[in-house]
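We did not get these values from a lab; they are worked out from the coordinates using the rules stated. For clarity, every value in this text was computed on a predicted model and none was experimentally measured.
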């Protein structure tokens, strides 16, 4: 099944995994220690994140370390940028309205 990055970040556990791995590369067992769920469930989340290319695996001896794929995160940021501009415009309009209301009082 073809997955995309937005499907990957739709799940709160996967977002939490991304936040953990953003700080440093981690093994599946180290990641699983941060969650109250089975190791198999974490493995499934890691598989989805890897399929979406948000994580990459690096083998070090017998261990596999997962690390964040920054370029894919930039893809999410680029998509959000269109909404960020709308929000900033609306916040500016709200600031102006509040300023005008204060002047009227």
- Query: Pick from 40, 24, 82: which residue has the top mean-square fluctuation in a GNM of the chain where Cα pairs under 10 Å get a spring?
  - Reply: 82
- Task: Kindly express, to the nearest 10 degrees and within the range 0 to 90, the angle between helix 70-104's C-alpha long axis and the longest C-alpha principal axis of the chain.
- Result: 20 degrees
- Message: Could you tell me the relative contact order of the chain? Use alpha-carbon pairs under 8 Å, at least six residues apart, and round to a whole percent.
- Response: 26 percent
- For the chain, what does -39500 (n - 2.57) per DSSP helix run (n ≥ 4), summed and divided by total residues, give at 222 nm, in deg cm²/dmol to the nearest 500? -21000 deg cm²/dmol
- Highest-MSF residue in the chain out of 35, 83, 91 [GNM, Cα springs under 10 Å]: 91
- Task: In a Gaussian network model over the chain where Cα atoms closer than 10 Å are linked, find which of 76, 86, 64 has the largest mean-square fluctuation.
- Result: 86
- Net lengthening on full extension, residue 71/residue 59 (0.36 nm per residue, minus Cα-Cα): 2.3 nm
- Jot down the per residue volume, in cubic angstrom and as a whole number, of the convex hull over the alpha-carbon atoms of the range 13-73. 76 Å³
- Note on the structure: Note on the chain: C-alpha Rg/Rh, Kirkwood Rh, two decimals, gives 1.22
